[in-house]
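I have placed the structure first, in the form of structure tokens, so that the comments after it can refer back to it.
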Amino acid sequence: MNVLNIALLQLKISIRDKRTIIFMLAFPIVMMLVLGSALSNAFDNQVKIDKMKVLYKETHNTSIAPYFEQFMKAAKKENIHFYKASDITDGKKAVRQNHYDAYVEVSNKGMNFYGSERNSIESSIIQGMLTAFADKYNLVSQVAKVKPNQTQAVLAGGTSHDYVKEMSLNAKKAPGSMDYYAVAVTTMIALYGAIGATFLLRGERTRNTAVRLAVAPITKAEIFIGKIIGSIVLNLLSLFLIVAVSSFLFKANWGDHLGFVFIILLSEVFLAVSFGLGVSYMVKTGEAARTLILIILQLASFFGGAYFKIEGADGMMKFIMNLSPITWANTAITKNIYNNDFTASLQVIGLNLGIAIVFLSIAIVSFKRREGF
Amino acid sequence: MNVLEINNLTKKFSDFIAVDNMSLTIKEGEIFGFLGSNGAGKSTTINMVAGLLRSNEGEIKILGKNIANHSKFAKRNIGIVPQDLAIYEDLTAFENVRFFAGLYGLRGAELKDRVEEALKFVGLVDKQKSLPKNFSGGMKRRLNIACAIAHKPKLIIMDEPTVGIDPQSRNYILNSVRQLNEMGCTVIYTSHYMEEVEEICSRIAIVDHGKIIAEGTKEQLKAIITDTKDIWVDVKSNENLEENVIKEINGVNTVQVEDNVVKINSQAEVSNLNKIIQYFINRNIEIRSLEEQAPNLETVFLTLTGRNLRD
Ligand SMILES: Nc1ncnc2c1ncn2[C@@H]1O[C@H](COP(=O)(O)OP(=O)(O)OP(=O)(O)O)[C@@H](O)[C@H]1O
Ligand SMILES: [Mg+2]
């Protein structure tokens with residue numbers, strides 16, 4: 001009950017603060033609108049999927065050869081072209097060099113798939129189709145990105161007779177600029193929950209209301225949990241509104257699994273709030289905590305592609321991009337929307353929770369030790 | 001019954017001793033005044049009683065129970081009016097009081113009644129739907145009090161509740177302290193204003209450097225000062241006055257003239273009243289009245305601490 005009271009209080013005082021509304025709603029929506037429409041031209045050219053090229057190698061006399069032949073024909077109508085590789089061709093290398101979007105080896109044992117990391121959308125569309133195909137023929141299939149030594153079994157996706165059609169319909173849904181920025185800005189603003197979190201408990205101290213909370217017959221744990229719940233709910237509410245606006249007003253595509261998208265966002269908000277809270281206890285002044293977090297958030301936003309999409313990054317750049325929680329969430333949500341792929345989501349949710357727990361522990365230990373509050 | 005009992009309480013901030021081996025007992029029904037200049041240790045003591053700070057040594061008992069083992073019991077029975085305003089500017093007056101009272105386990109209709117009662121008590125019923133942002137300093141102070149009393153604590157601790165407010169609000173607050181007391185609350189009241197403490201407190205402790213250096217009713221405190229007396233002579237005109245000459249009179253320490261009042265401070269044991277009157281008669285200065293002032297708390301404080309209450 002006390003937890004609920006405190007959570008409600010947190011919600012109330014945040015919602016009544018105009019800055020919260022501007023920062024958590026107006027700012028992201030305007031940003032989506034501006035970036036989404038200003039960059040739409042450049043964007044569409046980059047992402048537009050016209051012709052997809054797949055290199056394939058087939059061992060002789062496979063039992064599925066006739067079906068595969070059919071499959072390729074159907075695919076061609078959807079502008080996916082298959083090219084037979086000679087025996088000596090290094091398919092993976094060809095993909096790596098960006099001559100093809102994907103490379104498939106078909107044998108009696110099944111299929112091996114190598115998608116281009118560079119053209120990830122194309123390669124995942126192709127992967128989706130092949131998975132469906134393999135499913136239908138009960139093939140054991142294996143998938144690997146063109147990243148050596150990382151082979152993973154394909155999750156059985158939804159099968160359908162018209163797998164080719166369905167998948168290429170998805171292809172037409174490939175993200176336009178508004179779709180891209182809707183996701184990118186939303187995942188960015190979820191992380192910005194960290195700013196508010198630095199003031200979650202510190203704000204009570206500067207407002208001096210901490211005194212009253214501390215003299216009341218409630219436990220520190222109740223204060224702490226109530227505050228965190230209030231903050232998370234507030235962030236989720238604003239994300240919910242942002243997603244709704246982007247979806248209904250800007251017609252951004254959020255896919256068919258919104259529940260999953262929100263679970264990813266929830267884990268990201270939890271990460272953000274814990275991070276903000278943890279840092280607020282690690283740094284002396286509120287201003288310093290805020291500044292530090294702002295810098296980190298700016299970097300995370302930039303490298304997470306919230307301002308503009310970073311494509312075809314390699315090496316160091318790619319490494320840095322992969323450090324940004326915004327990249328994680330973006331990737332997971334994009335895979336969710338466009339390929340119905342949830343493995344990435346689970347990994348990201350796990351990662352977010354894990355890091356959140358570290359920062360939260362720091363905050364809890366400091367909070368418990370502190371005299372009074 | 002002892003509402004508060006403090007035994008050998010000490011609080012250090014690293015090397016600095018803010019409260020120094022303090023002992024104190026406050027009985028039910030008292031309005032207990034805490035007098036001390038800036039940094040004397042009043043707030044620090046209060047904060048330990050309220051459970052905001054941990055003591056280094058000593059024990060504190062609320063209604064006979066040690067707060068170290070009965071923290072919740074103690075907290076339920078204490079209401080604290082902090083020195084600095086502790087209210088949410090974005091919540092209405094009503095919401096503020098309701099939130100804090102709700103932390104004491106009050107619910108539903110009872111909660112609502114208590115909140116209204118508290119707001120009525122401080123005279124903010126009309127303003128209950130307004131945000132404190134738009135309140136005057138005095139109104140904020142009153143809300144600060146309402147937040148501390150809605151749960152009906154046995155002991156109310158007020159840490160300088162009248163700082164920086166208009167005389168009207170101050171009177172209001174002083175009256176409400178009396179009223180709370182009549183309703184059965186024991187009150188601890190700290191202030192920089194001697195008049196306030198003198199007016200409402202039944203017992204007073206003078207705190208200096210973390211120690212209680214004197215304690216008792218105001219009469220008892222004033223009785224400490226026995227070595228000087230103040231004689232105030234109200235005259236028709238001060239034209240022919242010569243302060244230096246008055247000062248020559250046996251026993252007189254200081255002479256101050258304020259408008260038509262001549263304030264003479266003299267050693268208590270010297271009987272020189274006749275000589276003083278003689279002076280005025282000789283100079284043909286008409287005396288309108290003459291009175292010997294009882295020592296006031298200000299003098300007591302000054303004598304004991306060597307400092308004024310306010311700098
Ligand atoms: N958290 C703290 N850390 C270090 N020193 C402190 C702390 N709190 C108080 N002090 C010091 O302890 C002494 C007593 O402070 P306290 O606030 O109890 O005084 P006070 O009697 O309430 O004074 P005032 O009339 O100014 O409110 C002061 O010298 C103050 O500087
Ligand atoms: Mg003080």
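Report the FRET efficiency, 1/(1 + (r/R0)^6), for A:Asn108 and A:His257, where r is their Cβ-Cβ distance and R0 is 45 Å, rounded to 0.05. Display every interim value, and only then the final one.
Details: r = 35 Å, r/R0 = 0.78.
After rounding to 0.05, the efficiency reads 0.80.
Annotation for B:Asn175 and B:Leu304: the two label points, set 7 Å from Cα along the Cα-Cβ direction, are 3.1 nm apart.
Quick check: convex hull of the Cα atoms in chain A, volume per residue, rounded to a whole Å³?
Numbers: hull volume 55.1 nm³, N = 373.
In chain A, the Cα convex hull volume per residue is 148 Å³.
Nearest-5 percent of antiparallel DSSP beta bridges in the protein assembly as shown? Antiparallel bridges: around 60 percent, rounded to the nearest 5. The Cα center of the range A:68-126 and the Cα center of the range A:321-373 differ in position by 34 Å. Using a cutoff of 8 angstrom between alpha carbon atoms and counting only pairs six or more residues apart, the relative contact order for the range B:48-158 works out to 36 percent. By the helix-only formula, in which each DSSP H run with n ≥ 4 contributes -39500 (n - 2.57) and the sum is divided by residues, chain A has a 222 nm mean residue ellipticity of -20500 deg cm²/dmol. Against the criterion of solvent-accessible heavy-atom surface with a 1.4 angstrom probe, A:His257, B:His151, B:His209 sort, most first, into B:His209, A:His257, B:His151. Among A:Thr334, A:Met32, A:Asn112, which residue has its Cα positioned farthest towards the positive end of the charge dipole of chain A, with +1 placed on the Cβ of Lys and Arg, -1 on the Cβ of Asp and Glu, and the dipole taken about the Cα centre? Looking along the dipole axis, the top candidate is A:Met32. Looking at the protein assembly as shown, the pairs of alpha carbons with a distance over 32 Å make up 65% of the total. Quick one: if you stick a label point 7 Å off each Cα along the C-beta vector at B:Asn244 and B:Asp227, how many nm between them? Roughly 2.9 nm, to one decimal.
Long hydrophobic helices in chain A: the complete DSSP H runs spanning 30 Å or more by Cα along their own axis with mean Kyte-Doolittle hydropathy of at least -0.5 are A:220-248, A:258-282, A:343-369.
Can you tell me how much longer the chain between A:Ala288 and A:Ala65 gets when fully stretched, taken as 0.36 nm per residue apart minus their C-alpha distance, in nm with one decimal?
Separation in residues times 0.36 nm, less the Cα-Cα distance, equals 73.8 nm.
Could you tell me the total accessible area buried at the B-A interface, probe 1.4 Å, in square angstrom to the nearest hundred? Intermediate results must be reported in sequence, preceding the final value.
Numbers: alone 15570 and 18880 Å², together 31890 Å².
In total, chains B and A hide about 2600 Å² from solvent.
For the range A:328-373, a reduction of at least 20 Å² in accessible area between the chain on its own and the assembled protein chains (probe 1.4 Å) is found at A:Glu371, A:Gly372.
Over the range A:194-328, consider all pairs of different Cα atoms and compute the Kirkwood hydrodynamic radius from their mean reciprocal separation; express it in Å, one decimal. Walk me through the numbers before you get to the answer.
Working: mean 1/r = 0.0590 Å⁻¹.
By the Kirkwood definition, the hydrodynamic radius is 16.9 Å.
Surface composition of chain A: carbon plus sulfur atoms contribute 62% of the solvent-accessible area (1.4 Å probe, protein chains only, all chains present).
Count, for each residue of B:97-104, the Cβ atoms from other chains sitting within 10 Å of its Cβ, then give me the mean as a whole number.
On the way: counts 0, 1, 10, 7, 1, 9, 13, 4.
Mean number of neighbouring Cβ atoms from other chains: 6.
Selection among B:Cys201, B:Ser237, B:Thr254 by position relative to the dipole of the range B:133-274 gives B:Cys201 as farthest towards the positive end (Cβ unit charges, Cα centre).
Tell me what chain B gives for mean residue ellipticity at 222 nm when only DSSP H runs of n ≥ 4 count, each as -39,500 (n - 2.57), the sum divided by the residue total, rounded to 500 deg cm²/dmol.
On the way: 11 runs with 107 residues, N = 311.
Computed ellipticity for chain B at 222 nm equals -10000 deg cm²/dmol.
Surface composition of the range B:2-222: carbon plus sulfur atoms hold 46% of the accessible area, using a 1.4 angstrom probe and ignoring ligands, DNA and RNA. Give the accessible surface of the range B:189-311 per residue, rounded to a whole number of Å², with probe radius 1.4 Å and ligands, DNA and RNA excluded. In whole numbers, the range B:189-311 has 55 Å² accessible per residue. Using the Cβ-Cβ distance between A:Lys18 and B:Asn69 with R0 = 35 Å, the FRET efficiency computed as 1/(1 + (r/R0)^6) comes to roughly 0.15. Take the Cα of A:His81, step 7 Å toward its Cβ, do the same at A:Met1, and the gap between the two points is 7.3 nm. Note on B:147-156: average number of Cβ atoms from other chains within 10 Å of each residue's Cβ is 1.
At a 1.4 Å probe, what is the % contribution of carbon and sulfur to the accessible area of the range B:227-294? Mind showing how you got there, number by number?
On the way: 1670 of 4290 Å².
C and S fraction of accessible area: 39 percent.
Taking every Cα-Cα distance in chain B and sorting them into 20 Å bins starting at zero, the pair-distance distribution P(r) comes out as 29, 46, 22, 4 percent. For the range B:227-294, the convex hull spanned by the alpha carbon atoms encloses 74 Å³ per residue. Around the Cα centre of the range A:188-244, unit charges on the Cβ atoms of Lys, Arg, Asp and Glu (plus for the first two, minus for the last two) sum to a dipole of about 200 debye. Dipole magnitude for chain B: computed about the Cα centre from +1 point charges on Lys and Arg Cβ and -1 point charges on Asp and Glu Cβ, it is near 1520 debye.
Each peptide in B:280-292, A:284-296 receives the mean, over its residues, of other Cβ atoms within 10 Å, and ordering these scores from highest gives A:284-296, B:280-292.
Please compute the contact order of the range B:2-222 in relative form: average sequence separation of alpha-carbon pairs under 8 Å and at least six residues apart, divided by the residue count, as a percent.
Values: 439 pairs, mean separation 64.7, N = 221.
It rounds to 29 percent for the range B:2-222.
The values are calculated or read from the model by the stated rules, or taken from the named source; none is laboratory data. The model shown is predicted, which means the values in this text are computed figures rather than measured ones. In this analysis, Cβ positions are derived from the backbone assuming ideal geometry, glycine residues included, and neighbour counts consider all displayed protein chains. Just the protein is used for accessible areas: all its heavy atoms, side chains included, with ligands, DNA and RNA removed. Shrake-Rupley method; radii C 1.70, N 1.55, O 1.52, S 1.80 Å.
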